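Participant: Please read through the structure below; I'll follow up with questions.
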Amino acid sequence: MGDANLRAELGSPGRRLGTLARHLGVDYSPASSSLMASHNASEIVTPSPTAGSYGGSVFTNVVQAPEDPILGVTVAYNKDPSPVKVNLGVGAYRTEEGKPLVLNVVRRAEQLLVNDPSHVKEYLPITGLADFNKLSAKLIFGADSPAIQENRVTTVQCLSGTGSLRVGGEFLARHHHEHTIYIPQPTWGNHPKVFTLAGLSVKTYHYYDPTTRGLNFKSLLEDLSKAPRGAIVLLHACAHNPTGVDPTLDQWEQIRLLIRSKGLLPFFDSAYQGFASGNLEADAQSIRMFVADGGECLTAQSYAKNMGLYGERVGALSIVCKSADVAVRVESQLKLVIRPMYSNPPIHGASIVATILKDREMYHEWTVELKAMADRIIRMRQQLFDALRTRGTPGDWSHIIKQIGMFTFTGLNREQVTFMTKEYHIYMTSDGRISMAGLSSKTVPHLADAIHAAVTRIK
Amino acid sequence: MASALASVALSTTFARAVPLPENSMRIGAEKKHDNPLFKGKAFRRVSMAVSVNVSRFEGVTMAPPDPILGVSEAFRADTNDLKLNLGVGAYRTEELQPYVLNVVKKAEKLMLERGENKEYLPIEGLAAFNKVTAELLFGADNSVIQEGRVATIQGLSGTGSLRLAAAFIHRYFPDAKALISSPTWGNHKNIFNDARVPWSEYRYYDPRTVGLDFDGMVADIKAAPDGSFVLLHGCAHNPTGIDPTPEQWEKIADVIQEKNHIPFFDVAYQGFASGSLDADAYSVRLFVRRGFELLVAQSYSKNLGLYAERIGAINVVCSSSDAGTRVKSQLKRLARPMYSNPPVHGARIVANVVGDPNLFNEWKQEMELMAGRIKNVRQRLYENLSEKDKSGKDWSFVLKQIGMFSYTGLHKAQSDHMTDKWHIYMTKDGRISLAGLSLSKCEYLADAIIDSFHNVD
């Protein structure tokens, strides 16, 4: 109440000053006015940020935000006029010709949808397209998954991986007793922001070992064993982003045992199913192990990469519960998270996915195109590795072929990355991550030259 | 019993395969599933107990169905032939079929022919869309556009755009309140709640006149703390269909200016209310003309029939282009951890339709047809009500209200009666969606309204 009265008082001189300032052509900002300060010297000096929109701006205190570190790489790349520039920033697949790819089977699905008179644009339910949800759950958990057959899984369509993580995070912040989530070190740059804004408190667990450029398994287990009961653990289902380092199946089993014994709650981020190894079933192994033991977990699925549907924003959040009854109640609460966020999800991408997944022949075509993408990336890994060996670049670069998925964690440091951007027009994130999907046989030599130069000239 | 079992299970360590007591509530763990995925000795099917038996989500209660979207669910479950869905605001043809606009089909065919890619949009959305959506709203020759003072971000239809704005308000105006009309669209409160922006209501609907409580509205806006965000419906107020007159808009602007409030428009029906895009933008353009910094959430769900594509925008008009740039950057910072970047399909449709003169004209014609059908239905309903109701009640509010919805003045019990006896589905606040009404069903609806109004207390 006092504040409101104060603002009312401050507002009046502010307005008059503002009007005067406008007539004089002076840039007046109430927040910086010394007149204001002296007028109310004994009271709160800072006027309301929303006072005095005349002559000043209510948005005076809004500062320029920096570009998103990952998406900002593409922004910088686009500005560069160099003909030899290479964009290894954001994880979007490129063909050998360096072009974006829309899968043939996706085009076919779109054609079917456009020609189908019964395909309308009515609001989807809050939880999204029902067929899509069922098919997505089957894809990730396996069609014969007991959890599905027992109706213990609730699946809601969300905006790709990000949206699924956010909705899942918000749900946990409201309904789970423990509000801490452990994320691997390092992880996708957007993870901590998503979970913080969802209302969770973010901690990290050791993951990457820079000395071996592999998994720091011992510390991973140690960190998770110290987590409080009920804490949420974010796990990359396969093709860890940014490192490309995945646990072996044996290690996954040990992680599972630990998580279950400590009563931790696993939250899988599955953005690369089928894209990592080329095989959809293999890339879902980690998740299916956890589901098989009867325990609960969350899974965020994305179709951005494996179906090339990046801009359509298609994904799904699944929550595997102990009982069908709980799953029903959980779903009803997920709707309360979604409705005030965007009401219901976009139909186009989900319709494409459902069309493909439910048709045997289209599904098969998809697996073929998917394998082709994954294989090309594996070839790029081999080519880059060979190119560095040919140049005699100092260091052990075998991690390039050991790591899996779209990204390679090169091990290059910030200075080396800056050097490569400046001198060789290589665009990548400052943590040394490169998107193999952005490489081609033509550009591998240039990248190898850049890495060689960076490693030999900058320490 | 369950909690005793749970505590036994919790205290059991996982290291030993401890069989659980009889009558255990475990589901699934004992069954031997021959899962073909798990071959080889590297991994064996785990059939032993997991340490926690009871779901960690056991305490999650069943949420009630959404009051608006839940109506359609109930309608679908009804098997009666006479049923009528006047719940959610989605346009229906006279045959009560969903309607995909011809221009939309044309745009989609064009897009497919061009073979456009599906790359991520920038966080702020499709540039071509952002440009046309601001021009459509403010007018391309408006000074705010010429001077680059509008920060426009593609959002997930109206809801998503409102939510981004609310999140922005929470972060940069943490002490500010939102003022919403009483009544307003049911989801407005949820949006502000989830964004943690406190809100209070200003009087709006006057049940005595079935019209605008203008004095109450002005008084409440005046009484609110300085610098509040006043949520205004740009046109076709939802749920009442009652809009201020131009003179009233000027007075509303006066009191907002006096209190240094910030106008926050929800524009979900531009072109759909009167049939004219420019006429429906009158209120927003008035406030812009008067020099306010303001926010506008737009939706293309109704006017382009793009409901499920989730296409809209949040526009922030700032006093300088520098402020606009900064505001835009911060809106992006809120969008990234919510969904990273918005869906491309709907944005391309809008950009194609609005950006092509032929398609744009065709759109305007289709929009006039849709708005025209609703006006016709209003007229027929009014006539039926006036003829059949012998009480002398004034039903002219049906004609005076504008847009997709009509606030009938029926209260909850009466609305329930509409459903229970007449199989007419509507929201419990007495709102009916005229978009879901055909001329042929007006008489039936009139009978139902008269019955519910007079015979239910």
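Participant: Which residue is surrounded by the fewest Cβ atoms within 10 Å (Cβ to Cβ), if the candidates are limited to the range B:55-74 and must be more than 7 Å from every other protein chain (Cβ to nearest Cβ) and in a loop (DSSP other than H, G, I, E, B)? Spell out how you get there, then give the answer.
Facilitator: Taking the range B:55-74 as the starting set, the residues that turn out to be more than 7 Å from every other protein chain (Cβ to nearest Cβ) are B:59, B:64-65, B:67-68, B:70-74.
Adding the requirement that they be in a loop (DSSP other than H, G, I, E, B) leaves B:59, B:64-65, B:67-68.
On the way: B:Gly59: 12, B:Pro64: 10, B:Pro65: 14, B:Pro67: 13, B:Ile68: 23.
Restricting to residues being more than 7 Å from every other protein chain (Cβ to nearest Cβ) and in a loop (DSSP other than H, G, I, E, B), the top hit is B:Pro64.
Participant: Let me ask you something else. From the list A:Pro210, A:Pro242, which residue is open to solvent by less than 10 Å² (accessible area, probe 1.4 Å), modelled with pLDDT under 95 and more than 9 Å from chain B (Cβ to nearest Cβ)?
Facilitator: Values: A:Pro210 fails: open to solvent by less than 10 Å² (accessible area, probe 1.4 Å).
When all the criteria are applied, what remains is A:Pro242.
Participant: Quick test for you: out of A:Leu215, A:Leu234, pick the one residue that is away from chain B (no Cβ under 13 Å) and closer than 20 Å to A:His177 by Cβ. Before you say what the answer is, go through the steps one by one.
Facilitator: On the way: A:Leu215 fails: closer than 20 Å to A:His177 by Cβ.
From the options A:Leu215, A:Leu234, the qualifying one is A:Leu234.
Participant: So, of the residues in the range A:245-293 that are touching a residue at least 24 places away in the same chain (Cβ under 8 Å), within 12 Å of another protein chain (Cβ to nearest Cβ) and in a loop (DSSP other than H, G, I, E, B), which turns out to be surrounded by the most Cβ atoms within 10 Å (Cβ to Cβ)?
Facilitator: A:Ala271
Participant: Regarding B:Lys251, is this residue farther than 16 Å from B:Gly89 by Cβ, within 14 Å of chain A (Cβ to nearest Cβ), out of contact with any strand residue (DSSP E or B) (no Cβ under 6 Å at 6 or more places or on another chain) and not polar (S, T, N, Q)? Please lay out each step first, then the result.
Facilitator: Numbers: farther than 16 Å from B:Gly89 by Cβ: yes; within 14 Å of chain A (Cβ to nearest Cβ): no; out of contact with any strand residue (DSSP E or B) (no Cβ under 6 Å at 6 or more places or on another chain): yes; not polar (S, T, N, Q): yes.
The answer is no for B:Lys251.
Participant: Within the range B:103-150, count every residue that is more than 14 Å from chain A (Cβ to nearest Cβ), among the aliphatic types (A, V, I, L, M) and in contact (Cβ under 8 Å) with a residue 40 or more places away in the chain.
Facilitator: Result for the range B:103-150: 4.
Participant: Still on this structure: Would you call A:Val75 within 30 Å of A:His425 (Cβ to Cβ) and either at pLDDT 75 or above or part of a loop (DSSP other than H, G, I, E, B) (or both)? Let's see the steps before the verdict.
Facilitator: Numbers: within 30 Å of A:His425 (Cβ to Cβ): yes; either at pLDDT 75 or above or part of a loop (DSSP other than H, G, I, E, B) (or both): yes.
Against the criterion (within 30 Å of A:His425 (Cβ to Cβ) and either at pLDDT 75 or above or part of a loop (DSSP other than H, G, I, E, B) (or both)), A:Val75 qualifies.
Participant: Next up: Assuming A:Thr155 fulfils every condition listed in (1) within 11 Å of chain B (Cβ to nearest Cβ); (2) open to solvent by 10 Å² or more (accessible area, probe 1.4 Å); (3) of a type in the set (Ser, Thr, Tyr) apart from one, which condition is it?
Facilitator: (1)
Participant: So which of A:Val120, A:Val194 ends up being of a type in the set (Val, Ile, Thr), open to solvent by less than 10 Å² (accessible area, probe 1.4 Å) and at the interface with chain B (Cβ under 8 Å from one of its Cβ atoms)?
Facilitator: Working: A:Val120 fails: open to solvent by less than 10 Å² (accessible area, probe 1.4 Å).
Result of the check over A:Val120, A:Val194: A:Val194.
Participant: Sticking with this structure for a sec: Regarding the range A:345-355, can at least one residue be identified that is outside any helix (DSSP H, G or I), surrounded by 24 or more Cβ atoms within 10 Å (Cβ to Cβ) and at the interface with chain B (Cβ under 9 Å from one of its Cβ atoms)? Explain how you work it out, then say what you get.
Facilitator: Filtering the range A:345-355 for residues outside any helix (DSSP H, G or I) gives A:345-346.
Narrowing the set further to residues that are surrounded by 24 or more Cβ atoms within 10 Å (Cβ to Cβ) leaves A:345-346.
When the remaining residues are screened for being at the interface with chain B (Cβ under 9 Å from one of its Cβ atoms), the result is A:345-346.
Checked against the condition, which is being outside any helix (DSSP H, G or I), surrounded by 24 or more Cβ atoms within 10 Å (Cβ to Cβ) and at the interface with chain B (Cβ under 9 Å from one of its Cβ atoms), the range A:345-355 yields at least one hit.
Participant: Need pairs with beta-carbon distance below 6 Å; first residue within 22 Å of B:Met426 (Cα to Cα) and within the range B:176-205, second among the β-branched types (Val, Ile, Thr); sequence gap 6+ or separate chains.
Facilitator: Final answer for the pair search is B:Gly186/B:Ile68; B:His188/B:Ile180; B:Tyr205/B:Thr240.
Participant: Tally time: how many residues in the range A:294-307 are more than 12 Å from chain B (Cβ to nearest Cβ) and either hydroxyl-bearing (Ser, Thr, Tyr) or open to solvent by 10 Å² or more (accessible area, probe 1.4 Å) (or both)?
Facilitator: Residues flagged as more than 12 Å from chain B (Cβ to nearest Cβ) and either hydroxyl-bearing (Ser, Thr, Tyr) or open to solvent by 10 Å² or more (accessible area, probe 1.4 Å) (or both) within the range A:294-307 amount to 1.
Residues checked against (1) over 14 Å from the mean Cα position of the chain (by Cα); (2) buried (at least 19 other Cβ atoms within 10 Å of the Cβ); (3) over 25 Å from B:His345 (Cα atoms):
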| position | (1), (2), (3) |
| --- | --- |
| B:Phe173 | yes, yes, yes |
| B:Ala176 | yes, yes, yes |
| B:Ser181 | yes, yes, yes |
| B:Phe192 | no, yes, yes |
| B:Ala195 | yes, yes, yes |
| B:Ser200 | yes, no, yes |
| B:Arg203 | yes, no, yes |
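Participant: On to the next question. Regarding B:Val344, is this residue surrounded by 15 or more Cβ atoms within 10 Å (Cβ to Cβ) and within 14 Å of chain A (Cβ to nearest Cβ)? First the steps, then the outcome.
Facilitator: Values: surrounded by 15 or more Cβ atoms within 10 Å (Cβ to Cβ): yes; within 14 Å of chain A (Cβ to nearest Cβ): yes.
Against the criterion (surrounded by 15 or more Cβ atoms within 10 Å (Cβ to Cβ) and within 14 Å of chain A (Cβ to nearest Cβ)), B:Val344 qualifies.
Participant: Now a separate question. Name the residue that is farthest from A:Gly274 (Cα to Cα), counting only residues in the range A:131-151 that are more than 10 Å from chain B (Cβ to nearest Cβ) and part of a loop (DSSP other than H, G, I, E, B).
Facilitator: A:Asn151
Participant: Suppose the filter is at pLDDT 95 or above, of a type in the set (D, E, K, R) and within 27 Å of B:Tyr300 (Cα to Cα); does A:Arg381 pass it? Don't jump to the end; show me each part of the working.
Facilitator: Values: at pLDDT 95 or above: yes; of a type in the set (D, E, K, R): yes; within 27 Å of B:Tyr300 (Cα to Cα): no.
Considered against the rule, which asks whether it is at pLDDT 95 or above, of a type in the set (D, E, K, R) and within 27 Å of B:Tyr300 (Cα to Cα), A:Arg381 comes out as no.
Participant: Okay, next question. Tell me, please, whether a residue that is within 7 Å of another protein chain (Cβ to nearest Cβ), at pLDDT 85 or above and within 24 Å of A:Arg152 (Cβ to Cβ) can be found in the range B:20-34.
Facilitator: Checking the range B:20-34: not a single residue is within 7 Å of another protein chain (Cβ to nearest Cβ), at pLDDT 85 or above and within 24 Å of A:Arg152 (Cβ to Cβ).
Participant: Let me ask something else. Scan the range A:99-111 and report the pairs whose first residue is more than 7 Å from chain B (Cβ to nearest Cβ) and whose second residue is open to solvent by 50 Å² or more (accessible area, probe 1.4 Å) and modelled with pLDDT under 95, with Cβ atoms within less than 8 Å and a gap of 6+ or a chain change.
Facilitator: These pairs meet every condition: A:Leu101/A:Arg94.
Participant: Something else about it: Say we look at the range A:308-332 and pick out the residues that are part of a loop (DSSP other than H, G, I, E, B) and either among the small types (Gly, Ala, Ser) or more than 9 Å from chain B (Cβ to nearest Cβ) (or both); which of these is farthest from B:Asp66 (Cα to Cα)?
Facilitator: Our first condition is that a residue be part of a loop (DSSP other than H, G, I, E, B); within the range A:308-332, this holds for A:308-309, A:313, A:321-323.
The next check asks that each one be either among the small types (Gly, Ala, Ser) or more than 9 Å from chain B (Cβ to nearest Cβ) (or both); those that pass are A:308, A:323.
Values: A:Gly308: 33, A:Ser323: 24 Å.
Going through the qualifying residues, I end up with A:Gly308.
Participant: Further, regarding this structure: Those residues that are surrounded by fewer than 23 Cβ atoms within 10 Å (Cβ to Cβ), among the hydrophobic types (A, V, I, L, M, F, W, C) and at pLDDT below 95, I need them from the range B:400-428; list them, please.
Facilitator: B:Leu410
Participant: Can you work out which of the residues in the range A:333-343 that are facing another protein chain (nearest Cβ under 7 Å) and touching a residue at least 40 places away in the same chain (Cβ under 8 Å) is surrounded by the most Cβ atoms within 10 Å (Cβ to Cβ)? Reasoning before the result, please.
Facilitator: Start the filter on the range A:333-343 by keeping residues that are facing another protein chain (nearest Cβ under 7 Å), which leaves A:333, A:335-336, A:339-343.
Narrowing further to those that are touching a residue at least 40 places away in the same chain (Cβ under 8 Å): A:333, A:335, A:339, A:341-343.
Numbers: A:Gln333: 20, A:Lys335: 19, A:Arg339: 21, A:Met341: 26, A:Tyr342: 29, A:Ser343: 27.
Once the filter is applied, the top-ranked residue is A:Tyr342.
Participant: Among B:Gly324, B:Gly312, B:Gly271, which is more than 16 Å from the chain's Cα centre (by Cα), surrounded by 24 or more Cβ atoms within 10 Å (Cβ to Cβ) and not in a loop (DSSP other than H, G, I, E, B)? First the steps, then the outcome.
Facilitator: Values: B:Gly312 fails: more than 16 Å from the chain's Cα centre (by Cα); B:Gly271 fails: not in a loop (DSSP other than H, G, I, E, B).
Only one candidate passes the filter, namely B:Gly324.
Participant: Within the range B:121-233, considering only helices (runs of 4 or more DSSP H) that don't extend past its boundaries, which have at least 1 residues that are closer than 24 Å to A:Leu71 by Cα?
Facilitator: Numbers: elements: B:127-138, B:143-146, B:157-172, B:186-194, B:214-223.
Helices (runs of 4 or more DSSP H) meeting the threshold: B:127-138, B:157-172.
Participant: Look through A:Arg174, A:Arg166 and report the one residue that is within 14 Å of another protein chain (Cβ to nearest Cβ) and open to solvent by 40 Å² or more (accessible area, probe 1.4 Å).
Facilitator: Numbers: A:Arg166 fails: open to solvent by 40 Å² or more (accessible area, probe 1.4 Å).
The match here is A:Arg174.
Participant: Continuing with the same structure: Evaluate the following for B:Ser283: is it among the hydroxyl-bearing types (Ser, Thr, Tyr) and facing chain A (nearest Cβ under 9 Å)? Full working, then the answer.
Facilitator: Working: among the hydroxyl-bearing types (Ser, Thr, Tyr): yes; facing chain A (nearest Cβ under 9 Å): no.
In short, no.
Participant: Mind counting the residues in the range A:426-459 that are over 18 Å from A:Arg94 (Cα atoms) and of a type outside the set (Ser, Thr, Tyr)? Lay out the reasoning, then the answer.
Facilitator: Taking the range A:426-459 as the starting set, the residues that turn out to be over 18 Å from A:Arg94 (Cα atoms) are A:430-432, A:448-459.
Now restrict to residues that are of a type outside the set (Ser, Thr, Tyr): A:431-432, A:448-455, A:457-459.
Total meeting the criteria: 13.
The values are calculated or read from the model by the stated rules, or taken from the named source; none is laboratory data. Since the structure is predicted, the reported quantities are computational estimates derived from the model, not experimental observations. Glycine gets a Cβ as well: all are built from the backbone with ideal geometry, and neighbour counts include every protein chain shown. Side chains included, ligands, DNA and RNA excluded: accessible areas come from the protein's heavy atoms. Shrake-Rupley method; radii C 1.70, N 1.55, O 1.52, S 1.80 Å.
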